[in-house]
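Engineer: The structure is given below, and queries will be raised subsequently.
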Amino acid sequence: MTPAYHRLALAIATALLAAPALAAEPDPEQKDEDSQATLKTLVVTAARTSEPLTVETDPKAPRQPLPAHDGADYLKTIPGFNVIRKGGTDGDPVFRGMAGSRLNILLDGEMLFGGCGARMDPPTAYVFPESYDRITVIKGPQTVLNGPGNSAGAVLFERDRRRLGEAGAQVTASGLVGSFDRNDEMVDAVAGTPEFYLRGTGTNAHQGDYRDGDGEKVHSQYNRWSANAAVGWTPDENTLLELSAGHSDGEAAYADRGVDGSLFSREHTSLRFEKENLSDTWKKIEALAYYNYVDHVMDNYSLRTPTGMMATRMAMNPDRETMGARVANTLLLGERTELVVGADTQQNQHSGRMTMDQDKMRYQDMDRVDDADFEQVGVFGEVTNYLNDGQRMIGGLRHDHWHVEDDRQMVMLNMMMSAPNPTANEEREEELTSGFLRYEHEIGDGTAYAGLGRSERFPDYWELFAKESADSVSAFEADPEKTSQLDLGYLYQQGAWTGSVSAFYNRIDDYLLVQTNVLKPAGMMGTRSTTITRNVDAHSWGGEAELAYAIDENWTADASLAYVRGENDTDDVALAQLPPLETRFGVRYDDGIWSYGALWRVVAEQTHVSINQGNIVGQDLGNTHGFGVFSLHAGWKPLPALQVTAGIDNLFDKTYAEHISRSGAMVAGFDQLERVNEPGRTLWLKAQYALE
Ligand SMILES: [Cu+2]
């Protein structure tokens, strides 16, 4: 579907779905409650920790700074998160300095892996946040319910599903305009009866090339759209069966490399079944089966002009097909003990094809060649035991079986050279165990917790297939990474004060380090430079702290801090790609109708670096200076269901780059940047409407 066609389809869908909504007679009490739930926070500047290790945030709420319409940028308002910037969108989320598959990203329970060997499409590149109802972050290896390997944490993008109280419809719509030709549109509509519902969601987002504080243009334009439909059957209060399907696509310019993304297509289908209160003991069963297909094209001609060494039109077209399923049962074992027990599995197949001259040989006419096949089956159990009203013990254990096949006959050493794959057709199996135990205690007006967790993470596609090893052109034999972590924290709420501290210390055995600019002998050619994966031992520690104070009924002040420090113990150097100390100060006025506020984000210098070392997304480039960014926002809520917000991000037009962002590439028509700079002064205006 072309974007124009898509926008038309979106407009028609809105009109059709809005019609019954206007006719439906809403229950005034319910309306009020729901509208408040939908449009509660005016502008999110720092999402708060709600319970031990958990941060929940509403993706439909406006946030500052204005995020790109993708999953990674929305996480930036959560202390501890950073994004490795590559261009205008599709950045990689990093939590406490941990990137890639150290952070499990689940889309309504589905596992999704990008196709790009050069990591242009992290899972969050396929997320359209406003089409979800909730983003939840669970810090640390302190749950086993959300798939294998979440050593740094899990991020859940979720939609609410509930039985409609009466026949009718609910529509939420929003529109946003901003600097650099930015415009976003979203509509999310549910219509039905108590027995059946139909939900349709559509999003569209566009941004032109932004300018940094110096007025320098950054190659960063993008277009993204998504369409989702779900049909649900809810025969009674306790039962839900839903079939959903969706398609999304986009294109994005990259400032950090020689190609852009001209296709980010995702097609998915899922079937889910949920039943509650099956018996006094069996409280719930959830079952999910899903299919995800990701098709990605990167080229040097769709969004730029091929020049220099790469003057021919080149394209690469990887894809990945993922199928998965999950079942979980919640059992009440006695009055004080709850057990969640289940299993999950996923299988994914990756393939690729490429052309060095699209004019002579189109990639579309070539066969796709399989290179990697992953299979994982896991079983898990998590117990919560309420010792008494103020004390809980929570523990979990999971076991994963992995089977991976190396389908590559040849390994590409660079665009021109390839070598026979020494691990061609090899298979490997791995049995991995993860678990945790946590104690939570309510003391006075607060909750304290301490947890010990261990996560065994199987290497991902990028570590295993997209890199070489130190002594071979294949890294297929890299060892799994083992993280042992202590999590400590305290949440506090009394009178006008709210606060929390989450701290961690970990030891990581066989940390999968990715190192660039490694020289290897190349026969007649002398040496060549390559990127390798190797296992090292490491440790890291740090945490986040948040404090908010309600000055009076309308005024609130808040502050947050995030810090992480780590060492690569094998090489006795800094653990690379760690963001520097970051603080945020906010002040806000909100009388229910009018609101305004300010955000001052201050980031320290970072000198604790290891050049050329890092993760599957980025490597350290060197030290960075600190910076401060000041932003203002305002909101108006004339009706419970209507809200208009606006903001000026980076008011003083500061030129700066995040420490972990990628280095700038040579792009014809653009100045090369040392790092991909963040946008300069950005104005935005957003309107949201919730109709029942
Ligand atoms: Cu790519």
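The values are calculated or read from the model by the stated rules, or taken from the named source; none is laboratory data. Just so it is clear, the structure is predicted and the values come from calculations on it, not from any experiment. Note that each Cβ is placed from the backbone with ideal geometry, even for glycine, and that neighbours are counted across all protein chains shown. Quick note on the areas: whole protein, heavy atoms, side chains included, nothing else; ligands and nucleic acids left out. Shrake-Rupley method; radii C 1.70, N 1.55, O 1.52, S 1.80 Å.
Engineer: Pick out the one residue from G109, G149, G117, G140 that is under 24 Å from L243 (Cβ atoms) and small (G, A, S).
Structural biologist: Result: G109 is the single residue among G109, G149, G117, G140 that is under 24 Å from L243 (Cβ atoms) and small (G, A, S).
Engineer: Out of segment 58-73, which residues are open to solvent by 10 Å² or more (accessible area, probe 1.4 Å) and not in a loop (DSSP other than H, G, I, E, B)?
Structural biologist: Hit for segment 58-73 is D73, nothing else.
Engineer: Are there any pairs with C-beta distances below 6 angstrom linking a residue in segment 298-318 that is polar (S, T, N, Q) to a residue that is assigned to a loop (DSSP other than H, G, I, E, B) and within 10 Å of the ligand (Cβ to nearest atom), with the two at least 6 apart or on different chains, and if so which?
Structural biologist: Between residues of segment 298-318 that are polar (S, T, N, Q) and residues that are assigned to a loop (DSSP other than H, G, I, E, B) and within 10 Å of the ligand (Cβ to nearest atom), the close pairs are N300/V259.
Engineer: Within segment 577-618, which residues are acidic (D, E) and within 24 Å of the chain's Cα centre (by Cα)?
Structural biologist: Within segment 577-618, just E582 meets the criteria.
Engineer: Within the bounds of segment 459-482, is there any residue that is of a type outside the set (S, T, Y) and within 18 Å of G395 (Cα to Cα)?
Structural biologist: Among the residues of segment 459-482, not one is of a type outside the set (S, T, Y) and within 18 Å of G395 (Cα to Cα), which makes the answer no.
Engineer: Evaluate the following for Q364: is it polar (S, T, N, Q) and open to solvent by less than 20 Å² (accessible area, probe 1.4 Å)?
Structural biologist: So Q364 fails the test.
Engineer: Sticking with this structure for a sec: Six or more apart or on different chains, Cβ atoms under 9 Å: show the pairs whose first residue is in segment 114-133 and within 16 Å of S265 (Cα to Cα) and whose second is assigned to a loop (DSSP other than H, G, I, E, B) and polar (S, T, N, Q).
Structural biologist: Partner pairs satisfying both residue conditions: G115/N317; A125/T89.
Engineer: Does segment 91-109 hold any residues that are of a type in the set (D, E) and either crowded, with 24+ Cβ neighbours inside 10 Å or within 16 Å of the ligand (Cβ to nearest atom) (or both), and which are they?
Structural biologist: Result: D92, single match.
Engineer: Does any residue of segment 638-649 turn out to be buried (at least 17 other Cβ atoms within 10 Å of the Cβ), touching a residue at least 60 places away in the same chain (Cβ under 8 Å) and assigned to a loop (DSSP other than H, G, I, E, B)?
Structural biologist: For segment 638-649, residues buried (at least 17 other Cβ atoms within 10 Å of the Cβ), touching a residue at least 60 places away in the same chain (Cβ under 8 Å) and assigned to a loop (DSSP other than H, G, I, E, B): present.
Engineer: In segment 310-346, how many are hydrophobic (A, V, I, L, M, F, W, C), within 16 Å of the ligand (Cβ to nearest atom) and in a strand (DSSP E or B)?
Structural biologist: 2
Engineer: Looking only at strands (runs of 3 or more DSSP E) that fall completely inside segment 163-241, which ones have 2 or more residues that are open to solvent by 10 Å² or more (accessible area, probe 1.4 Å) and in contact with a Gly (Cβ under 7 Å, 6 or more places away or on another chain)?
Structural biologist: Where strands (runs of 3 or more DSSP E) fall fully within segment 163-241 and carry at least 2 residues being open to solvent by 10 Å² or more (accessible area, probe 1.4 Å) and in contact with a Gly (Cβ under 7 Å, 6 or more places away or on another chain), they are 182-192, 196-207, 222-233.
Engineer: Does segment 496-503 contain at least one residue that is more than 30 Å from Q391 (Cβ to Cβ) and more than 22 Å from the chain's Cα centre (by Cα)?
Structural biologist: There is no residue in segment 496-503 that is more than 30 Å from Q391 (Cβ to Cβ) and more than 22 Å from the chain's Cα centre (by Cα).
Engineer: Looking at D552, is it assigned to a strand (DSSP E or B), out of contact with any Cys (no Cβ under 9 Å at 6 or more places or on another chain), open to solvent by 50 Å² or more (accessible area, probe 1.4 Å) and among the acidic types (D, E)?
Structural biologist: no
Engineer: Within segment 287-309, can you find the residues that are away from the ligand (no atom under 12 Å from the Cβ), aliphatic (A, V, I, L, M) and under 19 Å from E251 (Cβ atoms)?
Structural biologist: Selection gives L303 alone.
Engineer: Okay, moving on. Residues that are within 16 Å of the ligand (Cβ to nearest atom) and part of a loop (DSSP other than H, G, I, E, B): does segment 141-154 have at least one?
Structural biologist: no
Engineer: Quick one: count up the residues across segment 563-598 that are assigned to a loop (DSSP other than H, G, I, E, B), under 18 Å from F504 (Cβ atoms) and in contact (Cβ under 8 Å) with a residue 60 or more places away in the chain.
Structural biologist: The total comes to 5.
Engineer: Name every residue in segment 110-132 that is part of a helix (DSSP H, G or I), touching a helix residue (DSSP H, G or I) at 6+ places or on another chain (Cβ under 8 Å) and either among the hydrophobic types (A, V, I, L, M, F, W, C) or more than 16 Å from the ligand (Cβ to nearest atom) (or both), in order of residue number.
Structural biologist: Scanning segment 110-132 gives A125, P129.
Engineer: Would you confirm, using the coordinates I've provided, whether V44 is more than 16 Å from the ligand (Cβ to nearest atom) and either within 28 Å of H219 (Cβ to Cβ) or modelled with pLDDT of 95 or more (or both)?
Structural biologist: No, not satisfied.
Engineer: Going through segment 370-389 one residue at a time, which ones are farther than 17 Å from E338 by Cβ and either open to solvent by 60 Å² or more (accessible area, probe 1.4 Å) or over 25 Å from the mean Cα position of the chain (by Cα) (or both)?
Structural biologist: D370, D371, E375, V377, V379
Engineer: A follow-up question, please. Kindly provide the set of residues from segment 110-127 that are open to solvent by 10 Å² or more (accessible area, probe 1.4 Å) and closer than 26 Å to A289 by Cβ, ordered by number.
Structural biologist: Result: M111, F113, P123.
Engineer: Let me ask you something else. Can you tell me which residues in segment 258-278 are within 12 Å of the ligand (Cβ to nearest atom) and surrounded by 21 or more Cβ atoms within 10 Å (Cβ to Cβ)?
Structural biologist: Result: V259, D260, G261, F264.
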